[in-house]
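Written out below as structure tokens is the structure these notes cover.
The values are calculated or read from the model by the stated rules, or taken from the named source; none is laboratory data. Worth saying up front: this structure is predicted, and the values here are computed from it rather than measured. When we count neighbours, we look across all protein chains shown, and the Cβ atoms used for this are built from the backbone with ideal geometry, even at glycine.
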Amino acid sequence: MQVCDIMSRSVVIIGSSIAGMSAAIAAREACPQCPVTVLDEDPHMPYRRPSITSILEGTIRDIPDISMYRKAIENSRVKVLRGFKAIDIDPVNQVLKIAKPDGSKAKIYYDSLVLATGAEASKQNIEGVDLRGVFVFRNAKDALEINEYAKYSKKAIIVGASFVALLLTEALIRKGLKVLMVVRSRVLRKLIESQASDIIENYLRRIGVEILKGVTIKKIMGKRRVEGAILSDGRSIDSDMVIFAIGSIPRTALATKLGSRVIRGVIDVDNYMQTSVPNVYAAGDCAYSWDLITGNKVYAPTATIASTYGKVAGLNAAGKLMEAPKIIRIQYERFLDLEIISIGYTSDEARAMNLSAKCMDLTDEFKKEYSLWRANVIKLDVTMRGKDKVIGTEIIGLHNSRVFAYPFIYAITKGLKLSEILEELHYPIPSLSAKFTTWYVTT
């Protein structure tokens, strides 16, 4: 590893998930002569995190099957150092101190640095949390460990009600385990409206999942390994495993060592994704992004947002000057036979941000015409700001329901009113209307 020459910028990226690899590829394209190095302490990265549930299901046998960016890495000649951990940074001399897989130490000099350090899974600090059979679910190593332990288990407790919790539930059910979900409030509380949560919860119960609502785990029982848990309401339940899927915490330790500003546990960035330290950028699950609806900086750890802002960070790290665009949150997951799409804000989320908002159920209106085409849509909610400006949409449906999300993405992006988007409902498949197609092709 050597110091870059005067004619090019040496770009170093810490983290090889979507944000990190998007930054690396963008930096290489912007400056073909620039050395671009990515390092990640996970020896298996980069891979698609959402696909790690396939390891539990058995549909994917090995981690290389879910790897991503292989062709892009080969074509761009980005150097990826797997199993290398950043342990310290000297921002004055722009030196990154690293630990190699064999434990030896080394240094990398950089002109620009991108922090794509991501986030780590949360685990409740309660009695019994260190017993065998207690897991978090964030990376491929977690999936491999859970998969092995599940071979000798019959019953699992999943703590949380996020997309990750649902995908975990699906994977364990397919393995033949009985699953109990401990849900403090309701399923996907931050992503969908309450009646939509009811639909998913009823669906879970029909497939044999027991949902324990309004409680948390107070204690995990067992001598050496998990034998059960005691809930906050005093009930005790038997189980062989406890898996926490209660969110994640941004990894900001390196940013703090650098002296980068961290606000409420998230790395602060400017309009160019630069931190408060010159020549240091940040993107992904460790950093803020820019919200289209409010124009404010927000923390929204999703893949599409990580990809967008990783690219901006990489371009600017390579010497370009690109301002970060403001975008909306778009999340899609397939859970068993259900498709769940959440775009923008729910009414609860909007009100929490002091936005005047309400939810309207458009399910019946949507199915009024061309009902055969739209039979797969179970629930369609729209969040409106003020009188009828669309700022959010949630869709629950069966196969191919996601095609109906595109006009609503268009509406939110363009700041349309509900009355304007209702015109799209007159088309058999709204996403094929001329207005939307023109926008989609040119975007």
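Within segment 83-96, residues that are on the phi > 0 side of the Ramachandran plot sit with their Cβ atoms under 8 Å from residues that are surrounded by 15 or more Cβ atoms within 10 Å (Cβ to Cβ) and of a type outside the set (F, W, Y), at 6+ positions apart or across chains, in these pairs: G83/D40; G83/E41; G83/D42; Q94/D111; Q94/L113; Q94/N279. Summed over segment 334-383, residues that are touching a Leu at 6+ places or on another chain (Cβ under 6 Å) and among the small types (G, A, S) total 1.
Conditions tested, residue by residue: (1) more than 21 Å from I249 (Cα to Cα); (2) more than 20 Å from the chain's Cα centre (by Cα).
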{"site": "V114", "(1), (2)": "no, no"}
{"site": "T117", "(1), (2)": "no, no"}
{"site": "I126", "(1), (2)": "no, yes"}
{"site": "L131", "(1), (2)": "yes, yes"}
{"site": "V134", "(1), (2)": "no, yes"}
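Considering segment 91-203, the qualifying strands (runs of 3 or more DSSP E), each wholly inside and each with 1 or more residues that are outside the structural domain of I220 (by TED's automatic domain parsing), within 29 Å of G265 (Cα to Cα) and touching a helix residue (DSSP H, G or I) at 6+ places or on another chain (Cβ under 6 Å), run over 112-115.
Quick one: is E74 over 25 Å from the mean Cα position of the chain (by Cα), modelled with pLDDT of 85 or more and part of a helix (DSSP H, G or I)? Judged against the criteria, E74 is not a match.
Apart from one condition, Y281 fits all of (1) part of a strand (DSSP E or B); (2) within 24 Å of F408 (Cα to Cα); the exception is (2).
The number of residues in segment 145-169 being more than 16 Å from A121 (Cα to Cα) and surrounded by fewer than 19 Cβ atoms within 10 Å (Cβ to Cβ) comes to 6.
Within segment 27-54, how many residues are over 26 Å from A106 (Cβ atoms) and outside any loop (DSSP other than H, G, I, E, B)? Of the residues in that region, 8 qualify. Checking A229, A255 one by one, the residue that is surrounded by 14 or more Cβ atoms within 10 Å (Cβ to Cβ), in contact with a strand residue (DSSP E or B) (Cβ under 6 Å, 6 or more places away or on another chain), at pLDDT 95 or above and not assigned by TED's automatic domain parsing to the domain that holds R132 is A255 and no other. The residues in segment 204-227 that are under 25 Å from Y345 (Cα atoms) and in contact with a helix residue (DSSP H, G or I) (Cβ under 9 Å, 6 or more places away or on another chain) can be counted, and the count is 2.
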